[in-house]
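To keep things clear, I will list the structure first and then write my remarks on it.
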Amino acid sequence: MCGIVGYTGPRESLDILIGGLERLEYRGYDSAGVAIVGEDGRLRVRKDQGKLQALKDLVAKDPVNGNFGIAHTRWATHGAPNQVNAHPHTDQTEHIAIVHNGIIENCDALREALRAKGHTFDTETDTEVLSHLIGEYWDGTLEKAVAAALRLVEGAFGVAVISDLDPGKIVGARKGSPLVVGVGDGEYFVASDVAAILQHTNQVIYLADDEMVVITRRGFRTQTIHEIPVSKEIEEITWELSQVEKGGYDHFMLKEIFEQPRCIQNAIRGRLDDDGWKAHIGGLNLTDEELLRHERVVFLACGTSWHAAMIGEYMIEEYCRIPVEVEYASEFRYRNPVIDSKTLVIVISQSGETADTLAAMREAQRRGATALGICNVVGSTIAREADGGMYIHAGPEIGVASTKAFTSQVATLAVFTLHLARLHGLSDEPARSLIHGLRRIPEQMEKILASEPKVADIARHYYHHDNCLYLGRGYNFPVALEGALKLKEISYVHAEGYPAAEMKHGPIALIDENMPVVFICTKDSAYDKIKSNMQEVRARQGRIIAVATEGDTQIQSLADEVLYVPPTVDALVPLLSVLPLQMLSYHVAVLRGCNVDQPRNLAKSVTVE
Ligand code: AGP
């Protein structure tokens with residue numbers, strides 16, 4: 001997630017801007033920059049790849065002073081994380097500078113239209129297109145140019161814009177990416193997160209979608225991008241700064257669990273076509289013919305990404321009817337695997353830097369396979385070395401235990417599966433169901449997240465157990481594995497995931513009143529079978545926590561606790577059934593006094609073998 005800070009007032013802006021960016025560093029970024037209008041009235045931009053220290057060194061060597069400016073930390077989504085792609089970007093005349101959070105879906109069309117008018121671009125970023133569009137509409141009033149440009153934008157934005165042609169003014173706007181206005185004593189701020197400005201003021205205004213703010217030294221006014229005035233209440237922030245960085249949540253992991261509805265929107269944004277019931281995937285770098293040439297798929301991953309890969313296996317076999325295998329990357333690379341040019345290797349990695357996964361991908365490519373990367377970190381090694389791929393657009397995942405990245409991986413795999421399946425002849429009806437199902441997931445996730453208090457209450461009754469079994473069938477088998485891993489890695493409880501039917505081949509020996517069992521038993525083709533498994537556990541005094549489909553009252557006679565999720569297409573059930581398990585593991589870990597965001601012995605990215 002990128003960071004935005006803007007300031008206008010009597011004070012020197014540089015330290016305020018960089019200090020604000022420092023407050024946003026926790027969100028993760030790969031480049032940073034500032035644009036300030038100097039005392040000589042000229043707009044100057046300083047930006048560089050890397051961390052804030054690189055920017056500080058740059059402005060130390062080549063100072064820029066002035067009392068209004070904007071600043072940005074970039075989390076690359078389109079275009080590599082380098083100096084050229086860093087924000088701020090300027091328009092053709094270099095009199096207007098902009099910083100932007102979000103994704104402009106129609107930036108290619110806008111870029112071509114501007115090129116036809118003689119515009120030339122230095123980068124492939126969508127933000128530079130927006131800066132040129134604003135320049136194209138410049139008529140002497142900055143807010144009019146910004147509003148006119150934003151009315152043409154499809155997608156998400158949080159922007160701050162300044163110009164040396166309109167001194168002292170900052171124009172901010174948002175749609176889908178948060179932007180807050182700070183009201184100080186004769187000075188004003190904009191920021192993507194209150195954490196950046198809380199040390200200066202706790203009086204803020206939160207813009208709503210399609211709203212703008214026009215800030216001058218004399219005050220501010222708010223309007224829509226259609227130039228209709230709107231009145232906004234000034235709110236007082238009562239959080240402590242440490243809380244603000246986590247968005248008011250106690251831990252990054254909980255914040256990221258609750259970010260998932262928005263992450264799924266970002267993962268599918270611009271990738272689903274309701275007209276042809278098909279998917280649009282930029283960056284795959286494989287033509288339809290090249291994709292069809294591959295006769296089998298092999299997934300390579302580790303940990304939670306391996307669980308997402310298992311769901312991808314079930315999806316692709318169900319919808320594309322081609323053979324799929326899932327390999328632990330660490331095992332794959334040492335066992336002389338059977339791989340050739342007809343093998344499509346799909347490499348899943350949140351960080352894009354996991355050593356085992358990277359090495360396995362290189363081994364597969366050496367043997368002639370085509371590799372697609374499903375990554376979160378833009379410009380990461382796996383993303384760069386793969387032959388093509390898809391970013392999951394989950395934003396930086398700070399908590400070591402992966403949550404939003406997992407569901408974003410699954411949603412991205414569903415989009416890819418749709419694309420491949422239509423090439424393999426999937427008919428309209430299942431394609432339509434998959435698209436409609438994906439579009440409903442964010443609202444369905446919100447509904448499940450609202451059950452957090454009930455999950456916390458269940459955790460209070462079970463957190464003292466040192467063992468736990470997770471059982472599921474079909475698409476819920478990988479969910480059982482993921483639920484067990486979540487509990488294991490943050491609460492240090494020994495938890496195992498199994499296919500429910502496998503229990504009678506050994507694990508049932510463990511069942512007694514001290515072994516709670518979590519059944520993921522949503523209504524699907526295996527529902528009746530899994531109910532039998534639940535009866536087997538009940539008969540041995542096992543205590544059961546069930547994740548079931550809304551409206552399923554039968555299950556209450558078989559379980560001690562029931563957590564409900566809305567119904568959806570089988571292949572999308574994991575996007576919902578995993579949420580109660582994420583929340584359960586979180587609350588158990590908190591009750592056990594564990595370090596939820598940085599569990600012992602673990603790293604966010606395992607870059608060693
Ligand atoms: C998941 O909660 C863990 N943090 C871990 O299993 C992780 O999924 C694994 O190390 C793979 O990481 P990657 O997705 O960045 O490759």
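Every read-out reported here was derived from the displayed coordinates using simple, explicitly stated rules and does not represent laboratory data. Remember, predicted model here, so these are calculated numbers, not experimental data. Don't worry about glycine lacking a Cβ; one is built from the backbone with ideal geometry, like all the others, and counts go over all protein chains shown.
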Item to check | 30 Å Cα-Cα threshold exceeded, pairs from Lys523/Lys604; Lys486/Lys529; Lys529/Lys604; Lys144/Lys404 | outcome: Lys523/Lys604; Lys529/Lys604; Lys144/Lys404
Checklist entry - Cα-Cα pairs above 21 Å in region 163-297: how many percent? => result 59
Next on the checklist: How far apart, in nanometres, would the label points at Ala54 and Glu124 be if each is projected 7 angstrom from Cα along the Cα-to-Cβ direction?
Outcome noted: 1.8
Checklist entry - Is the shape of region 24-107 best called rounded, prolate or oblate, per the rule: a/c under 1.5 gives rounded, else a/b larger than b/c gives prolate, else oblate, with a ≥ b ≥ c the square roots of the Cα gyration tensor eigenvalues? => result oblate
Checklist outcome for this item: Given unit charges at Cβ for Lys, Arg (+) and Asp, Glu (-), the dipole magnitude of region 20-87 about its Cα centre in debye, nearest 20, is 100
Item to check | Unit charges on C-beta of K, R, D, E only; dipole of region 551-609, Debye | outcome: 300
Item to check | Stretch gain in nm, segment Glu236-Arg592, where the contour uses 0.36 nm per residue and the Cα spacing is subtracted | outcome: 124.7 nm
Checklist outcome for this item: For 73-79, 597-603, 197-203, ranked highest to lowest by mean beta-carbon neighbours within 10 Å, the order is 73-79, 197-203, 597-603
Next on the checklist: I'd like the distance between the alpha-carbon centres of region 224-299 and region 444-478, rounded to an integer number of Å.
Outcome noted: 24
Checklist entry - Taking Rh as the Kirkwood radius computed over C-alpha pairs, what is the Stokes-Einstein D of region 242-307 at 20 °C in a medium of viscosity 1.002 mPa s, expressed in µm² per second? => result 136
Checklist outcome for this item: For region 242-385, shape from the Cα gyration tensor axes a ≥ b ≥ c, cut at a/c of 1.5 then a/b versus b/c, turns out oblate
Checklist outcome for this item: The Cα extents of region 424-545 along the principal axes, largest first and rounded to whole Å, are 48, 33, 23
Checklist entry - If we restrict to alpha carbons, what Rg and Dmax does region 33-191 come to, in Å? => result 14.8, 46
Checklist outcome for this item: For Val590, Val5, ascending order of other Cβ atoms within 10 Å (fewest first) is Val590, Val5
Item to check | Kirkwood-type radius of region 465-519, with distances r between different C-alpha atoms, in Å | outcome: 11.0
Checklist outcome for this item: Most exposed to least, judged by fewest other Cβ atoms within 10 Å, Asp552, Asp108 sort to Asp108, Asp552
Next on the checklist: What's the magnitude of the charge dipole for the chain around its Cα centre, counting Lys and Arg as +1 and Asp and Glu as -1 at the beta-carbon? Answer in Debye, nearest 20.
Outcome noted: 520
Checklist entry - Equivalent-ellipsoid semi-axes (√(5λ), Cα gyration tensor) for the chain, whole Å, largest first? => result 44, 28, 22
Checklist entry - Which angle between 0 and 90 degrees, to the nearest 10, do you get for helix 355-366 versus the longest principal axis of the chain when only C-alpha atoms count? => result 90
Checklist entry - Based on DSSP H runs of at least 4 residues, each adding -39500 (n - 2.57), what is the mean residue ellipticity at 222 nm of the chain after dividing by all its residues, to the nearest 500 deg cm²/dmol? => result -11000 deg cm²/dmol
Item to check | Dipole of the chain, positive direction: furthest Cα of Ile170, Ile311, Tyr498, with charges on the beta-carbon | outcome: Tyr498
Next on the checklist: Once the convex hull of the alpha carbons of region 1-56 is built, what does its volume come to per residue, in cubic angstrom?
Outcome noted: 77
Checklist entry - So in region 138-276, what percent of DSSP beta bridges are antiparallel if you round to the nearest 5? => result 95
Item to check | Ranked packing of 211-218, 39-46, most packed first, by mean Cβ within 10 Å | outcome: 211-218, 39-46
Checklist entry - Can you give the % of DSSP beta bridges in the chain that are antiparallel, to the nearest 5? => result 60
Checklist entry - For region 47-123 and region 480-501, what is the separation of their C-alpha centers, rounded to whole Å? => result 44
Checklist entry - According to the square roots a ≥ b ≥ c of the eigenvalues of the Cα gyration tensor, what is the shape class of region 304-438, taking rounded for a/c under 1.5, prolate for a/b larger than b/c otherwise, and oblate for the remainder? => result oblate
